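Asker: Have a look at this one.
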Amino acid sequence: MNIGVVGGGIFGVASAIELRLRGHGVSLFEQGTIPAQNATSNDVSKAIRRTWYGDDDTYVELVERAAAQWREWDRGFDSPVYHQSGTYLVLNSLEAGSPMYESIKVLTGRGAQIEVMSPSEGRARFPQIVVGADETCVYDGWGGYIESGRAVANLGAKAQVLGVEVRENTPVSEVEDLGASVRLSVEGQSREFDRLVVAAGAWTSRLLSQMSDGLHITQQEMLLIEVDDKDLFSPGTMPVWSFEPDTDGWYGFPLLREGYTKISKEPLGEAVDPDIDRSGTESFKNQAMAFLGERIPGMASGKIVGGRKCLYTNTTDDHFVIDWAPGSETVLVAGGGSGHGFKFGGSIGEVVADTLEEKEHPQARLFKTGSRFDGNVRRHEQGTRGFAASRNGV
Ligand SMILES: Cc1cc2nc3c(=O)[nH]c(=O)nc-3n(C[C@H](O)[C@H](O)[C@H](O)COP(=O)(O)OP(=O)(O)OC[C@H]3O[C@@H](n4cnc5c(N)ncnc54)[C@H](O)[C@@H]3O)c2cc1C
């Protein structure tokens, strides 16, 4: 088939590569460069972890497959983008039946080595991080991070080598579903395709208005900090860390290639338009530094070297959407990353390609549109994210 892809973030490039590998003719349109300045995928780092997904192993299966693919892709890149620094969680509690408890049960049942530590064991292992007497620590040496902006740039280049027509700085202004095919308006010209994948991230509803009730864009802020003691924060000594993902949800990274560490916060921020100013705010800076002062003092004493806002594209239930747009049999939506999508770049292309080719994919179930976009309105409250909720309870 002749397939168009709109968007050169992780969902778009991963889809384009897989579709091309299956022999389709593929054209990828990106309004900016790959990565685009304001793309959600354009960031220094994204965590890859598997201790987050409650008692449904769909995401675990997908992320483990993705990790293998990231490794494989790394072999062809100038330097690796995937770093297995380990992931470390500090939890208020680990009660039986809680999403994290269920998640650990699923993982250990699959043979994963997950270490549950007391506060003193946690402190001995990672002295950089302050742990309270009533808290529980969970370490997964399998986890780590991906240098996301570099990864997407490399994959965009790879797509081109494979024969994808990669058109950067080429916004698609309109999508017209013709029933048996799709017409795009691209810089005043029209291009027709058998099928279209819209992977336009936070801008998806601009092209597909039927998605607007179901995709909610929130701003999430991050701060970049140069630390004094580089050895103490280097990957291998410092893991990707996070605190109680379902409440305060502060998380961050070891020292990155760029010479700084990064901190951000998980709970959903304010709902915004995708084209907001991305500058960081004083209030976030103060909150983050106050948190670090209590929990990671060696980072709090560092120098702030940057900060900005990034956007989550949230679905009503936090699961991705990889399915035909409501009312269409030719336009497929791939996105709704809901703050956790990047890591799946290594396996999500197969889900997109199978769905587009009308094949069953064993992990595609959660991503179907079904009735998820029938006028639902997202609860913007904070709390357990849909993908992390245990189906046994919470
Ligand atoms: C602060 C923050 C932290 C995160 N942390 C993690 C993490 O630790 N781990 C993890 O796995 N995930 C994380 N995520 C989520 C992850 O980054 C996203 O799920 C993922 O990057 C979304 O990719 P995407 O391809 O859907 O969107 P994007 O990367 O935004 O790509 C969409 C692309 O479409 C282009 N586009 C839009 N409209 C048009 C048009 N009309 N024509 C042409 N091009 C167009 C845009 O320019 C953009 O490049 C985080 C997100 C944020 C904001």
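Asker: Answer yes if at least one residue in region 276-283 is under 18 Å from S41 (Cβ atoms) and within 21 Å of the chain's Cα centre (by Cα), and no otherwise.
Answerer: Checked region 276-283: at least one residue is under 18 Å from S41 (Cβ atoms) and within 21 Å of the chain's Cα centre (by Cα).
Asker: Here's a follow-up. Scan region 248-261 residue by residue and report those that are farther than 15 Å from A290 by Cα and either touching a Cys at 6+ places or on another chain (Cβ under 8 Å) or part of a strand (DSSP E or B) (or both). Before you say what the answer is, go through the steps one by one.
Answerer: Initial filter on region 248-261 (farther than 15 Å from A290 by Cα): 253-261.
T261 - this is the single residue of region 248-261 that is farther than 15 Å from A290 by Cα and either touching a Cys at 6+ places or on another chain (Cβ under 8 Å) or part of a strand (DSSP E or B) (or both).
Asker: Separate question: State all residues of region 328-350 that are part of a helix (DSSP H, G or I) and of a type outside the set (D, E, K, R); if no residue qualifies, say none.
Answerer: Narrowing region 328-350 to residues part of a helix (DSSP H, G or I): 342-350.
Across region 328-350, the qualifying residues are F342, F344, G345, G346, S347, I348, G349.
Asker: So is V198 closer than 18 Å to V5 by Cα, within 16 Å of the ligand (Cβ to nearest atom) and touching a helix residue (DSSP H, G or I) at 6+ places or on another chain (Cβ under 7 Å) or not?
Answerer: Yes.
Asker: Answer with yes or no whether G188 is more than 9 Å from the ligand (Cβ to nearest atom), under 25 Å from G345 (Cα atoms) and at pLDDT below 95. So that I can check it myself, show each step before the final result.
Answerer: Working: more than 9 Å from the ligand (Cβ to nearest atom): yes; under 25 Å from G345 (Cα atoms): no; at pLDDT below 95: yes.
Taking the combined requirement at face value, the residue does not satisfy it.
Asker: Count, please, the residues in region 208-229 that happen to be surrounded by fewer than 21 Cβ atoms within 10 Å (Cβ to Cβ) and outside any strand (DSSP E or B).
Answerer: Qualifying residue count, region 208-229: 6.
Asker: Name the single residue, out of those in region 53-63 being in a loop (DSSP other than H, G, I, E, B) and on the phi < 0 side of the Ramachandran plot, that is farthest from the ligand (Cβ to nearest atom). Don't jump to the end; show me each part of the working.
Answerer: Taking region 53-63 and keeping what is in a loop (DSSP other than H, G, I, E, B), we get 53-57.
Filter again for on the phi < 0 side of the Ramachandran plot, leaving 53, 55-57.
Details: Y53: 12, D55: 20, D56: 17, D57: 17 Å.
Ranking the qualifying residues of region 53-63, first place goes to D55.
Asker: Next question, about the same structure. Test each condition in (1) more than 18 Å from the chain's Cα centre (by Cα); (2) within 30 Å of V182 (Cβ to Cβ); (3) among the β-branched types (V, I, T) for V13 and report the one that comes out false.
Answerer: Of everything listed in (1) more than 18 Å from the chain's Cα centre (by Cα); (2) within 30 Å of V182 (Cβ to Cβ); (3) among the β-branched types (V, I, T), V13 misses just condition (1).
Asker: Kindly state which strands (runs of 3 or more DSSP E) lie completely within region 1-52 and contain at least 3 residues that are in contact with a Leu (Cβ under 8 Å, 6 or more places away or on another chain) and within 11 Å of the ligand (Cβ to nearest atom). Steps first, please.
Answerer: Working: elements: 2-6, 25-29, 46-48.
Here the list reads 2-6.
Asker: For region 199-214, enumerate the residues that are of a type in the set (A, V, I, L, M) and under 21 Å from K46 (Cα atoms). Steps first, answer last, please.
Answerer: From region 199-214, those of a type in the set (A, V, I, L, M) are 199-200, 202, 207-208, 211; that's our starting set.
Those that are of a type in the set (A, V, I, L, M) and under 21 Å from K46 (Cα atoms): A199, A200, A202.
Asker: Would you confirm whether any residue within region 302-325 is under 25 Å from Y101 (Cα atoms), surrounded by 15 or more Cβ atoms within 10 Å (Cβ to Cβ) and among the β-branched types (V, I, T)? Reasoning before the result, please.
Answerer: Here is the first cut: in region 302-325, the ones under 25 Å from Y101 (Cα atoms) are 314-320.
Cutting the leftovers down to surrounded by 15 or more Cβ atoms within 10 Å (Cβ to Cβ) gives us 314-320.
If we keep only those that are among the β-branched types (V, I, T) too, we end up with 315-316.
Yes; the residues of region 302-325 include at least one that is under 25 Å from Y101 (Cα atoms), surrounded by 15 or more Cβ atoms within 10 Å (Cβ to Cβ) and among the β-branched types (V, I, T).
The values are calculated or read from the model by the stated rules, or taken from the named source; none is laboratory data. This one's a predicted model, so the numbers in the text were calculated from it and none came from an experiment. When we count neighbours, we look across all protein chains shown, and the Cβ atoms used for this are built from the backbone with ideal geometry, even at glycine.
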